[in-house]
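Following: one structure in structure tokens, then a few remarks.
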Amino acid sequence: MIPSVLPTYNRAPLHFVKGEGAWLTEADGRRFLDLGSGIAVNALGHAHPALVKALTDQAQNLWHVSNLYQIPQQQALADKLVEHTFADTVFFTNSGTEACELAVKMARKYFYDKGQPERVEIITFDGSFHGRSSAGIAAAGSEKMVKGFGPLLPGFVHLTFGDLDGVANAITEKTAAILIEPVQGEGGIRPVPDAELKALRQICDDHGLLLILDEVQCGVGRTGRLFAHEWAGITPDIMMVAKGIGGGFPLGAVLATEEAASGMTAGTHGSTYGGNPLGCAVGCAVMDHVADPAFLAEVNRKAALLRQRLEGLVAAHPEVFEEVRGSGLMLGLKCKASNLDVVKAGYDNLVITVPAADNVIRLLPPLTLTEDDIAEAFTRLDATARQVEAT
């Protein structure tokens, strides 16, 4: 008999009932160190006082009115994002998947309105993850994502990750955009080198293409800058955001330049819940913290401490771990042992990590992680590695 919750996840037998900072409490009372943050969602940790206050204050006044009317909290969050980024305009969604759908529509509508309706193809890269909608799985193109879900949405050209020559050779009169994650998350914590991001920006400029960045997982302070592309000194035309922007509340956004968004006029897109007062009130509180240069400086300081400890962990357990990869507090441990075995052993040692492709475990702790948390992370990961070695 099928369970009442559709069984599309192989869920761990854990039932968390409370969270505080980087810690989760299981129903049986055990306390777990959370190095996953709900897959990079809880940017400020669990139950951050500022987010709790923003949500409860707003909940006492207004939850939902729809986008048929002006929403002051939405305007406030859009203004903050425009102030701190390349963007001129923002559309709010409920998730990164919805953000992907709009980013694809926006790019294609741009060229349609410019009198070039044939320009519909978007170049993407293997190992990518852009959500599980029809556009998202077609963009990723991997067998794991698309098998059994055809016919696929056409208009995506899949290239090898890191193949700049392939990008130049793939551009035709039908090409509209390049879509890439500055740091692949699901793909195994694979950063795109700054020089390659610069080269992709230049290719787009040379050929009149739009550059779409997917910063759903790597954005909102995760790499030590407000958005990961800032390390390369470039700007996109369109950017997908979600996860950390809501700090745990379902919230996403598409940020764009005025030019890239020029085709998206009244009636071309919509959302019943996107940009609702609750989500945007929380998003404003997140931005007030994460956009602060002093906060980002602390993220970088703590990221350096954590990485140093992880390098020591790899050196101490060469049969379990191979290398540390990633940027800021978006780190991965490439495993020699099965990454799933490492994640499972972590549960026994009361530490949460997240599996990814390429036999990697992801460490995506709250950006508010403390030095004591970092020390405890090393202790628990070391015990995890010793357990894996013993089996």
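The values are calculated or read from the model by the stated rules, or taken from the named source; none is laboratory data. The shown structure was predicted, so the numbers you read here are calculated from the model rather than taken from an experiment. No Cβ is skipped: glycine too gets one built from the backbone with ideal geometry, and neighbour counts run over all protein chains shown.
Observations on the model:
- Close Cβ contacts (under 9 Å, 6 or more residues apart or on different chains) running from residues in the stretch 9-37 that are on the phi > 0 side of the Ramachandran plot to residues that are modelled with pLDDT of 95 or more and hydroxyl-bearing (S, T, Y) comprise G21/T368; G21/T370.
- Against the numbered list (1) surrounded by 11 or more Cβ atoms within 10 Å (Cβ to Cβ); (2) without any contact (Cβ under 8 Å) to a residue 40 or more places away in the chain; (3) farther than 30 Å from I189 by Cβ, M1 comes up short only at (1).
- Checking each residue in the stretch 107-126 for being farther than 16 Å from A261 by Cβ and in contact (Cβ under 8 Å) with a residue 12 or more places away in the chain picks out E118, R119, V120, E121, I122, I123, T124, F125, D126.
To keep it simple, each residue is scored yes or no on (1) surrounded by 19 or more Cβ atoms within 10 Å (Cβ to Cβ); (2) farther than 23 Å from V290 by Cα; (3) free of Cβ contacts under 8 Å to residues at least 12 places away in the same chain.
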position	(1), (2), (3)
Q308	no, yes, yes
E311	no, yes, no
A345	yes, yes, no
T370	no, no, no
D373	yes, no, no
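- Screening the stretch 59-94 for residues that are surrounded by fewer than 20 Cβ atoms within 10 Å (Cβ to Cβ) and either hydroxyl-bearing (S, T, Y) or outside the structural domain of A138 (by TED's automatic domain parsing) (or both) and picking the one that is farthest from I245 (Cα to Cα) gives Y69.
- Selected residue (criterion: farthest from the chain's Cα centre (by Cα)) from residues of the stretch 16-38 that are closer than 20 Å to E371 by Cβ and not in a strand (DSSP E or B): A22
- In the stretch 113-148, the qualifying residues are those that are of a type in the set (D, E) and in contact with a strand residue (DSSP E or B) (Cβ under 7 Å, 6 or more places away or on another chain), and the one that is surrounded by the most Cβ atoms within 10 Å (Cβ to Cβ) is E121.
- Hits in the stretch 227-242 - residues which are in contact with a helix residue (DSSP H, G or I) (Cβ under 6 Å, 6 or more places away or on another chain) and under 14 Å from F92 (Cβ atoms): M240, A242
- Of G270, G279, all but one fail to be within 17 Å of I71 (Cα to Cα), among the small types (G, A, S), modelled with pLDDT of 95 or more and buried (at least 21 other Cβ atoms within 10 Å of the Cβ); the exception is G279.
- Residue that is surrounded by the fewest Cβ atoms within 10 Å (Cβ to Cβ), among those in the stretch 326-343 that are touching a strand residue (DSSP E or B) at 6+ places or on another chain (Cβ under 8 Å) and among the polar types (S, T, N, Q): S327
- Residue match in the stretch 358-365 (condition: at pLDDT 95 or above, surrounded by fewer than 23 Cβ atoms within 10 Å (Cβ to Cβ) and outside the structural domain of G219 (by TED's automatic domain parsing)): yes
- Within the stretch 199-216, the only residue that satisfies the criterion of being out of contact with any strand residue (DSSP E or B) (no Cβ under 7 Å at 6 or more places or on another chain) and either of a type in the set (S, T, N, Q) or under 16 Å from M239 (Cα atoms) (or both) is Q202.
- Subset tally (residues that are under 11 Å from the mean Cα position of the chain (by Cα) and either modelled with pLDDT under 95 or outside any loop (DSSP other than H, G, I, E, B) (or both)) for the stretch 214-238: 2
- Residue within the stretch 297-314 that is within 30 Å of Q73 (Cα to Cα), among the small types (G, A, S) and not in a strand (DSSP E or B) present: yes
- All positions within the stretch 39-86 that are in a helix (DSSP H, G or I) and within 17 Å of F295 (Cβ to Cβ): A40, P49, A50, L51, A54, K80, L81, E83, H84
- Filter pass, E323 being touching a helix residue (DSSP H, G or I) at 6+ places or on another chain (Cβ under 8 Å) and loosely packed, with under 15 Cβ neighbours inside 10 Å: yes
Quick grid of which residues meet (1) outside any helix (DSSP H, G or I); (2) at pLDDT below 95; (3) under 14 Å from D214 (Cα atoms):
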| site | (1), (2), (3) |
| --- | --- |
| F92 | yes, no, no |
| A99 | no, no, yes |
| A103 | no, no, yes |
| A107 | no, no, yes |
| Y112 | no, no, no |
| E118 | yes, no, no |
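- Members of the stretch 296-306 that are over 19 Å from the mean Cα position of the chain (by Cα) and either buried (at least 17 other Cβ atoms within 10 Å of the Cβ) or acidic (D, E) (or both): E298, K302, L306
- Test: residue in the stretch 252-263 that is among the hydrophobic types (A, V, I, L, M, F, W, C), out of contact with any His (no Cβ under 9 Å at 6 or more places or on another chain) and assigned to a loop (DSSP other than H, G, I, E, B): yes
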